[in-house]
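Notes to accompany the following structure.
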Amino acid sequence: MRLSVLTPAVFLLLLAVSCGKKEQATSLNIEKLPKAGPEQVEKLIEQFVDAKEGSVIEIPEGYYELPTQLILDNVNGVKVKGAGMFNTVLSFKTMTTGGEGMKIAGNNILLEGFTVADAPGDNIKTQHCEGITFRQVNTTWTHGKKSENGTYGIYPVQCRNVLVEHCEVSHSRDAGIYVGQSENIIVRNNYVHQNVAGIEIENSDNAEVYDNHAENNTGGILIFNLPGLPKPFGSGTRVFNNLIKANNHENFAIFQDGNPVSMIPPGSGVVILAGDQVEVFHNKIIDNRTLGVAIASYQITDLPVPTHPGWSPYTTRIYIHDNTYERAMALPDLSKDWGKLIAAKCLRAPDILYDGILDPAKGKDAATNPMQVFVDEKTDDLRFYRMVIPDDGNVMGIRMEKDAKSFAGSYPVSTDVSMIPSNK
């Protein structure tokens, strides 16, 4: 199979040539950009403050060092357009108040053609938006102090009809592209690297994640349901046609309030945690030193399992099929407990690791597959491991079953993202 993974740099170069426009920069080089003066910076801030329904905010080429947040507060139909992903740079490194660089609330919003860098919190946060598009947006942190980087690069939360395409995100200390507590989502043709998690879909419904390039993160793509959030649970995610390569970066997330992302071992391709109706297929999952795909319930984190209404700690209705695996020639990473367990019990990186934890209300015999976990891979020497955890929970007593035959079958996941606008 030939994957159509298009990096943002290549996309922008082709776009410039084909449209006869000025050639766009294909990488971030702040030194080559003209620095915006105080009047230009003030004008940009005023454009956000004065934005009305249907406003178009054009940001010319240059490097803008902003002393304050850029906020759109419940203004609909606004388009924010820079001169190109690496031609317009909005830096928040000297901002002293507020967390997010850009904070957006409103419907039918387009963010296109610029970089946001060095916000103390999230680079771009959009909340309660219906119809939000991120296109050719770069977010990053440049100071080199990884544990002091912001949490999320692109961060739509509690939104509907979300499109993230042709973006590049790096150096987030949690997730580069994080879509949380949202509905109707497309994440496609993005390049995510050097984040803890490249792409994360959390407590969200009806999501398609495809044609992305996730490389050199701690974990490439995460599908999570976590407790205690306003939207208690999410269901229905398809992850396909992605290049998930060498996600072996150190985990520099901060362990705070039991953050499961801080537990992800370097070398993780795809991690499904307390997921429901997730289909992972036609991906190229290569050179991830610790695991290819992990199917896990929340109990595996060893954190307290709450009883929040509408939330379940169990992973169910999972379908993994037709992926390509190539393994890194290295031992699993030992910096996290998961990696140590894999090294001790599997000795080498599994293609698929299933924790085997069952919901007693659904069944107690793994051989009957009560959680509806299905594996249909064509790899001849597939490394499939199912954990068998003793009743006392003793880690030393865990053994690994390698036979995937009990999990033969299929569970196609249905998604419909036709309602997501293109916002051209």
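Residue 82 passes every criterion in (1) farther than 23 Å from residue 251 by Cβ; (2) surrounded by fewer than 19 Cβ atoms within 10 Å (Cβ to Cβ); (3) not β-branched (Val, Ile, Thr) apart from (2).
Consider region 26-46 and keep the residues that are among the basic types (Lys, Arg) and either modelled with pLDDT of 95 or more or part of a loop (DSSP other than H, G, I, E, B) (or both). The one that is nearest to residue 69 (Cα to Cα) is 43.
Among all residues of region 162-173, there is at least one that is among the charged types (D, E, K, R), closer than 17 Å to residue 110 by Cα and either modelled with pLDDT of 95 or more or under 12 Å from the mean Cα position of the chain (by Cα) (or both). In region 305-320, the count of residues that are farther than 21 Å from residue 281 by Cα and among the aliphatic types (A, V, I, L, M) is one or more. Beta carbons closer than 9 Å, at least 6 apart along the sequence or on distinct chains, pair a first residue in region 247-261 that is loosely packed, with under 14 Cβ neighbours inside 10 Å with a second that is in a helix (DSSP H, G or I) and modelled with pLDDT under 90 for 250/146. Among the residues of this structure, residue 421 does not count as one that is modelled with pLDDT of 95 or more, in contact with a strand residue (DSSP E or B) (Cβ under 7 Å, 6 or more places away or on another chain) and surrounded by fewer than 17 Cβ atoms within 10 Å (Cβ to Cβ). Within region 183-211, the set of residues being more than 19 Å from residue 28 (Cβ to Cβ) and touching a residue at least 40 places away in the same chain (Cβ under 8 Å) comprises 184, 185, 186, 196, 197, 200, 206, 207, 208, 211. Return only the number of the condition from (1) touching a Gly at 6+ places or on another chain (Cβ under 6 Å); (2) over 19 Å from residue 255 (Cα atoms) that residue 279 does not satisfy. Every listed condition holds for residue 279 apart from (1).
Free of Cβ contacts under 8 Å to residues at least 40 places away in the same chain, out of contact with any Leu (no Cβ under 8 Å at 6 or more places or on another chain) and in a loop (DSSP other than H, G, I, E, B), is that true of residue 361? Here the answer is yes, as residue 361 does meet what is asked.
The residue of region 137-165 that is farthest from residue 196 (Cα to Cα), among those that are surrounded by fewer than 24 Cβ atoms within 10 Å (Cβ to Cβ) and in contact with a Leu (Cβ under 9 Å, 6 or more places away or on another chain), is 142. Against the numbered list (1) farther than 20 Å from residue 249 by Cα; (2) at pLDDT 95 or above, residue 325 comes up short only at (1). In the condition set (1) touching a Pro at 6+ places or on another chain (Cβ under 7 Å); (2) at negative phi; (3) buried (at least 18 other Cβ atoms within 10 Å of the Cβ), residue 267 is compliant with all but (2).
Considering region 246-330, the qualifying strands (runs of 3 or more DSSP E), each wholly inside and each with 1 or more residues that are under 19 Å from the mean Cα position of the chain (by Cα) and more than 15 Å from residue 226 (Cα to Cα), run over 268-273, 276-281, 284-286, 291-296, 316-321.
Sub-6 Å Cβ pairs linking a first residue in region 86-101 that is surrounded by fewer than 24 Cβ atoms within 10 Å (Cβ to Cβ) and modelled with pLDDT of 95 or more to a second residue that is among the charged types (D, E, K, R) and not in a loop (DSSP other than H, G, I, E, B), at least 6 apart or interchain, are 91/65, ordered by first then second residue. Of all residues in region 335-356, those satisfying the criterion of being surrounded by 15 or more Cβ atoms within 10 Å (Cβ to Cβ), of a type in the set (A, V, I, L, M, F, W, C) and not in a strand (DSSP E or B) are 338, 341, 342, 343, 346, 349. The set of residues in region 67-76 that are surrounded by fewer than 22 Cβ atoms within 10 Å (Cβ to Cβ) and either among the hydroxyl-bearing types (Ser, Thr, Tyr) or in contact with a Leu (Cβ under 9 Å, 6 or more places away or on another chain) (or both) contains only 68.
The values are calculated or read from the model by the stated rules, or taken from the named source; none is laboratory data. Please read these numbers as outputs of a predicted model, since none were measured by experiment. When we count neighbours, we look across all protein chains shown, and the Cβ atoms used for this are built from the backbone with ideal geometry, even at glycine.
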